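Colleague: Sending over a structure as structure tokens; questions will come in a sec.
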Amino acid sequence: MHFRTLSGLLAGVLMLQGCATLGEGGASRLGLIQQRKSLRCGVSGKIPGFSFLRPNGSYSGLDVDLCKAFAAAFVGDATAVEYRPLTAPERFTALRTGEIDLLSRNTTFNLSRDAAGGNGVSFAPVVFHDGQGLIVKKTSGIRQLTDLRNQSICVGSGTTTEQNLNDALEAQGIAYTPIKYQDLNQVVAGYLQDRCSAMTSDRSQLAAARSGFANPQEHVILNAVLSKEPLAPLSVGGDQRLGDAMRWVVYALITAEELGLTQANVQERLAKAQNNPQMTQLRRFLGVDGELGTKLGLAPDFVVRVIEATGNYGEIYNRHLGPDSAVPIPRGLNQLHRDGGAMTAPPFQ
């Protein structure tokens, strides 16, 4: 058979399986995920509240629930996820080599990573607005940045955290000694073993780490915020079909909270929308009208599947980071825009 004819037939088969094509004819990762019927999701596995491996072998956290939401949307099954724990230095290599389909691992969205000349990745919308901070022992006497002059600070190697720390202290003329480690567990161990006077990471990670200390009350997170750290999931750059699908799954979680759709009431609200042609916005959002899911290479009711699997963004946040969770972090900028936060979504039209 002529090569061009064979290629055309193969492309047709892949399209039927939901495998969209890229600009030069390469297969989108979304189609491969759907063909495999499972999602390979890169996580940390070591950050309570975000992605943490429990003693029973299961994963939990905000990043983990995002993996479930993506799986629910892409293959219709929130449990069809293979979690791959990755250190910070490993994460981009795992993405580029295809070891994972996407990364949901407390990764800062910045220009160097997003640009084609950087790591060649594509970010989904921000799922957690964070900022870098420092934690010290109460007995250390350290209360502000200037108190860190000539002190040692434990930091993760090869991260934006390392660069931010240097930028912030250098700008104020504060000399310090960085003690570098490959992953957060090593950073925490170094700090607890008094190998450094302070530990730096995103403030959310510091709160998560402190929750596991023997005496959390003996450690204080300084008020100083060294950076903006908007955290977002990401995929390989250039794969617009997968990037679009991820983007609108995140927007669906935010919009669901705006509309008051929850894990408990989504089926009831869907039934009402199906029986009421005048509920145009809700019918379009839930896939009754408009075929928005089809345009993304997903099922028409992908939003319903996502909300049934994880609940809306607020439910996910409260489950893992709310006041009754093991790692309580005030929502702050992670509130909906209407409530004074930064979380908002474009219209589903």
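Colleague: With the condition kept exactly as written, say whether any residue in region 228-239 is over 30 Å from residue 185 (Cα atoms) and either basic (Lys, Arg) or surrounded by fewer than 20 Cβ atoms within 10 Å (Cβ to Cβ) (or both). Don't jump to the end; show me each part of the working.
Modeller: Pass one, region 228-239, residues over 30 Å from residue 185 (Cα atoms): 238-239.
In the following step, the residues that additionally are either basic (Lys, Arg) or surrounded by fewer than 20 Cβ atoms within 10 Å (Cβ to Cβ) (or both) were identified as 238.
Taking every residue of region 228-239 in turn, at least one turns out to be over 30 Å from residue 185 (Cα atoms) and either basic (Lys, Arg) or surrounded by fewer than 20 Cβ atoms within 10 Å (Cβ to Cβ) (or both).
Colleague: Also, I was wondering about something else. Where in region 66-164 are there strands (runs of 3 or more DSSP E), lying fully within it, with 3 or more residues that are in contact with a Gly (Cβ under 9 Å, 6 or more places away or on another chain) and either modelled with pLDDT of 95 or more or surrounded by fewer than 19 Cβ atoms within 10 Å (Cβ to Cβ) (or both)? So that I can check it myself, show each step before the final result.
Modeller: Details: elements: 81-85, 121-123, 128-130, 132-137, 151-156.
Once the strands (runs of 3 or more DSSP E) in region 66-164 are filtered for at least 3 residues that are in contact with a Gly (Cβ under 9 Å, 6 or more places away or on another chain) and either modelled with pLDDT of 95 or more or surrounded by fewer than 19 Cβ atoms within 10 Å (Cβ to Cβ) (or both), what remains is 81-85.
Colleague: May I ask you to verify whether residue 315 is of a type in the set (Asp, Glu), more than 24 Å from residue 207 (Cα to Cα) and either modelled with pLDDT of 95 or more or not in a helix (DSSP H, G or I) (or both)? Spell out the reasoning first.
Modeller: On the way: of a type in the set (Asp, Glu): yes; more than 24 Å from residue 207 (Cα to Cα): no; either modelled with pLDDT of 95 or more or not in a helix (DSSP H, G or I) (or both): yes.
Criteria not met by residue 315.
Colleague: Right, another one. Does at least one position in region 276-297 carry a residue that is open to solvent by 70 Å² or more (accessible area, probe 1.4 Å), assigned to a loop (DSSP other than H, G, I, E, B), among the acidic types (Asp, Glu) and over 26 Å from residue 102 (Cβ atoms)?
Modeller: There is no residue in region 276-297 that is open to solvent by 70 Å² or more (accessible area, probe 1.4 Å), assigned to a loop (DSSP other than H, G, I, E, B), among the acidic types (Asp, Glu) and over 26 Å from residue 102 (Cβ atoms).
Colleague: Report the residue count in region 46-65 for those that are in a loop (DSSP other than H, G, I, E, B), on the phi < 0 side of the Ramachandran plot and free of Cβ contacts under 8 Å to residues at least 60 places away in the same chain.
Modeller: Taking region 46-65 and keeping what is in a loop (DSSP other than H, G, I, E, B), we get 48-50, 54-58, 61.
So of that shortlist, the ones also on the phi < 0 side of the Ramachandran plot come out as 48, 50, 54-56, 58.
From the residues that got through so far, the ones that are free of Cβ contacts under 8 Å to residues at least 60 places away in the same chain too are 54-56, 58.
The number of residues fulfilling the criteria is 4.
Colleague: Any residue in region 309-337 that is without any contact (Cβ under 8 Å) to a residue 24 or more places away in the chain and under 24 Å from residue 72 (Cα atoms) sitting within a Cβ distance under 8 Å of a residue that is in a loop (DSSP other than H, G, I, E, B) and charged (D, E, K, R)? List the pairs, counting only those 6 or more apart or interchain.
Modeller: That search, which allows pairs on different chains as well, returns 318/324.
Colleague: Quick one: would you say residue 255 is β-branched (Val, Ile, Thr), modelled with pLDDT of 95 or more and outside any helix (DSSP H, G or I)? Steps first, please.
Modeller: Working: β-branched (Val, Ile, Thr): yes; modelled with pLDDT of 95 or more: yes; outside any helix (DSSP H, G or I): no.
So residue 255 does not fit the description; no.
Colleague: Considering each residue of region 32-44, count those that are crowded, with 22+ Cβ neighbours inside 10 Å and of a type outside the set (S, T, N, Q), and give that number.
Modeller: The qualifying residues number 5.
Colleague: Here's another thing I want to ask about it. If the Cβ limit is 7 Å and pairs must be 6+ apart or interchain, which residue in region 188-201 that is under 15 Å from residue 148 (Cα atoms) and open to solvent by 10 Å² or more (accessible area, probe 1.4 Å) pairs with which residue that is part of a strand (DSSP E or B) and among the acidic types (Asp, Glu)?
Modeller: Final answer for the pair search is none.
Colleague: So which residues in region 129-187 are of a type in the set (Gly, Ala, Ser), without any contact (Cβ under 8 Å) to a residue 60 or more places away in the chain and under 19 Å from residue 230 (Cα atoms), if there are any at all? So that I can check it myself, show each step before the final result.
Modeller: Filtering region 129-187 for residues of a type in the set (Gly, Ala, Ser) gives 131, 133, 140-141, 152, 156-158, 168, 171, 173, 175.
Add one more test, that the residue is without any contact (Cβ under 8 Å) to a residue 60 or more places away in the chain, and what stays is 140-141, 152, 168, 171, 173, 175.
168 - this is the single residue of region 129-187 that is of a type in the set (Gly, Ala, Ser), without any contact (Cβ under 8 Å) to a residue 60 or more places away in the chain and under 19 Å from residue 230 (Cα atoms).
Colleague: Residue 177 fails exactly one of the following numbered conditions: (1) part of a strand (DSSP E or B); (2) surrounded by 15 or more Cβ atoms within 10 Å (Cβ to Cβ). What is the number of that condition?
Modeller: Failing condition for residue 177: (2).
The values are calculated or read from the model by the stated rules, or taken from the named source; none is laboratory data. Quick caveat, the model's predicted, so the values are computed rather than measured. Here Cβ is always computed from backbone atoms with ideal geometry, including for glycine, and neighbour counts include all displayed protein chains. These area figures cover heavy atoms from the full protein model, side chains too; ligands, DNA and RNA do not enter into them. Shrake-Rupley method; radii C 1.70, N 1.55, O 1.52, S 1.80 Å.
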